[in-house]
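One structure is given here, and the rest of the page talks about it.
Read-outs throughout are calculated quantities, based only on the coordinates presented, and are distinct from any laboratory measurement. Treat the numbers as computed from the prediction; the structure is a model and nothing was measured. All Cβ positions, glycine included, derive from the backbone under ideal geometry; neighbour counts span all protein chains shown.
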Amino acid sequence: MRKINEECAVFGVSLTTEEAAGITYNGLLALQHRGQESAGIATVHDNKITCHKDTGLVSEVFCAESLSSLPKGKTAVGHTRYSTTGGNVKENAAPFVTEYLTGRIATSHNGNISNAPELRGELKKSGLQFHSTCDSEVISSLIAYYITKEQDVLSGVTKASERLRGAFSLVIMNGDGKLIAVRDPNGFRPLCIGRNGIGYAVASESCALEVCGFEFVRDVFPGEIIVMENGVMTRQRVELKTRENPGGLCIFEYVYFARPDSVIDGLSVFEARYNMGLVLAEEHPAQADIVCGVPDSGLDAASGYSAKSGIPLAAGFVKNRYVGRSFIYPTQSKRDSAVRQKLNPLSASIQGKKVVLVDDSIVRGTTSEKIVKNLKNAGAKEVHMRISSPPFHYVCHYGTDIDNKDNLIANQMSLDDIRHKIGADSLGYISINGLKRACKDCALHFCSTCFTGGGTEYAKKDVLEQ
């Protein structure tokens with residue numbers, strides 16, 4: 001396990017023209033970094049929902065023929081998946097299309113529902129059948145159940161959302177072409193709104209909106225339910241109240257998950273990572289000749305470290321762009337193979353140099369060990385490892401696949417033992433206070449339970465600016 005992983009990306013459009021399928025495809029391409037196991041798009045035309053989905057990359061699932069087979073329509077929802085619940089099989093691919101007495105809905109979900117087993121049991125007792133093992137189908141079935149009970153789509157979505165516990169950013173479409181976006185009341189996972197001359201879009205990250213020609217409007221507020229119809233936003237209101245401890249956005253969105261060109265809850269991901277490098281240079285200075293970042297999410301923090309320390313920034317690796325993000329691969333053998341192929345040290349840059357190497361995290365330490373060893377084999381005189389997240393100590397119940405704390409190297413070894421294992425000459429992690437300080441421009445709270453274990457951490461703007 002090279003990296004900490006999280007589940008999925010969602011995208012949806014409500015337009016005045018029949019371009020929904022193509023725009024959604026482009027949106028999913030921009031969100032491919034959030035999940036590479038499966039992809040799917042559902043469109044609606046003449047009150048009929050058509051869905052195509054399968055395992056694989058977006059470009060593999062949607063060839064020209066399969067994309068053209070989808071009715072263009074004015075409304076669509078899309079999904080890319082990394083599985084934190086359920087295996088990587090076609091049955092677990094999303095969106096999920098669920099039938100009920102008076103219609104159908106298609107649902108895309110990013111997050112993890114902690115009470116999904118309980119809800120699945122309740123729905124089975126009511127006669128509902130399930131064809132997958134993931135919690136996203138439970139959500140779609142629960143929504144369909146409450147739409148039938150309430151005899152109203154919006155009321156059904158609201159009632160169902162009130163039953164969900166955990167992390168959920170949802171995009172739901174019904175046969176009438178109504179598009180509904182929901183963000184859980186803690187705001188654990190990102191969701192944002194864009195607008196252009198032909199309608200609205202919602203996406204997990206703002207980079208997808210920009211790529212598809214939508215101007216970023218704002219983030220969906222925690223607990224908010226938004227309705228869009230025929231390219232017009234008809235309702236936007238905070239409907240859901242938290243019944244858990246007040247939470248906040250997963251701070252690892254800024255550390256690793258999101259693309260650097262995205263803005264989440266008012267904070268640029270690039271700026272946050274750059275600031276992490278500034279803080280790392282303050283907290284863990286080093287005597288070195290160059291600073292190198294591990295591609296891709298370590299590059300921005302390396303820039304910040306270089307700027308603060310005055311140590312020149314240099315390219316340390318050549319990256320094979322065709323391998324993909326190695327953490328996505330579902331088996332260890334495939335991950336190991338991808339890591340070996342992906343990063344090759346740039347000997348001309350590092351030969352005889354003392355190197356500060358900046359990366360976003362250490363999970364088990366196996367990949368860090370290989371990277372440090374490769375740098376030294378390529379001629380690096382010293383390697384000083386700097387990590388832009390604190391050590392992982394705890395499991396996560398909100399859509400990040402830390403399911404066993406015994407797998408985390410920080411729970412098995414001391415800091416010096418980890419340094420020795422990976423072969424670094426020194427090792428420094430950013431502190432939790434330093435990480436929150438790096439994200440000081442975000443007005444919302446952060447969830448950092450995987451680092452602290454003590455529930456969510458508050459990161460209010462006025463506190464951080466002191």
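Summary table
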quantity: Rg to Rh quotient for the chain, alpha carbon positions, Kirkwood Rh; calculated: 0.99
quantity: Rule-of-thumb Rg ratio for segment 1-78 [Cα; 2.2 N^0.38 Å; N residues]; calculated: 1.11
quantity: Distance from segment 169-218 to segment 280-295 (C-alpha centre basis), Å; calculated: 38 Å
quantity: Computed over the chain: relative contact order in percent, which uses C-alpha pairs under 8 Å that are six or more apart; calculated: 14 percent
quantity: Cα extents of segment 9-244 along the three principal axes, largest first (Å); calculated: 42, 36, 32
quantity: Per-residue HN-Hα couplings for segment 252-259 [Karplus 6.51, -1.76, 1.60; θ = phi - 60°; Hz; x = Gly/Pro]; calculated: 6, 4, 6, 6, 8, 4, 7, 6
quantity: Over 31 Å between alpha carbons, listed pairs LYS90/LYS421; LYS90/LYS405; LYS74/LYS436; LYS342/LYS381; LYS342/LYS405; LYS90/LYS373; calculated: LYS90/LYS421; LYS74/LYS436; LYS90/LYS373
quantity: Listed peptides 201-210, 287-296 by packing density, highest first (mean Cβ within 10 Å); calculated: 201-210, 287-296
quantity: Exposure proxy order (Cβ contacts within 10 Å, fewest to most) of SER108, SER361, SER114, SER59; calculated: SER59, SER114, SER361, SER108
quantity: Charged-residue dipole, Cβ positions (Lys, Arg, Asp, Glu), the chain about Cα centre, Debye nearest 20; calculated: 720 debye
quantity: Degrees separating the helix 135-150 axis from the principal Cα axis of the chain, which is the longest one; calculated: 30 degrees
quantity: Peptide ranges 154-160, 349-355, 62-68 listed from the most packed, as the mean C-beta count within 10 angstrom indicates; calculated: 154-160, 349-355, 62-68
quantity: Label-reachable residues, segment 39-53, where backbone N falls under 18 Å from a point 7 Å from SER68's Cα toward its Cβ; calculated: 52
quantity: Per-residue Cβ neighbour rank within 10 angstrom, fewest leading, HIS45, HIS79; calculated: HIS45, HIS79
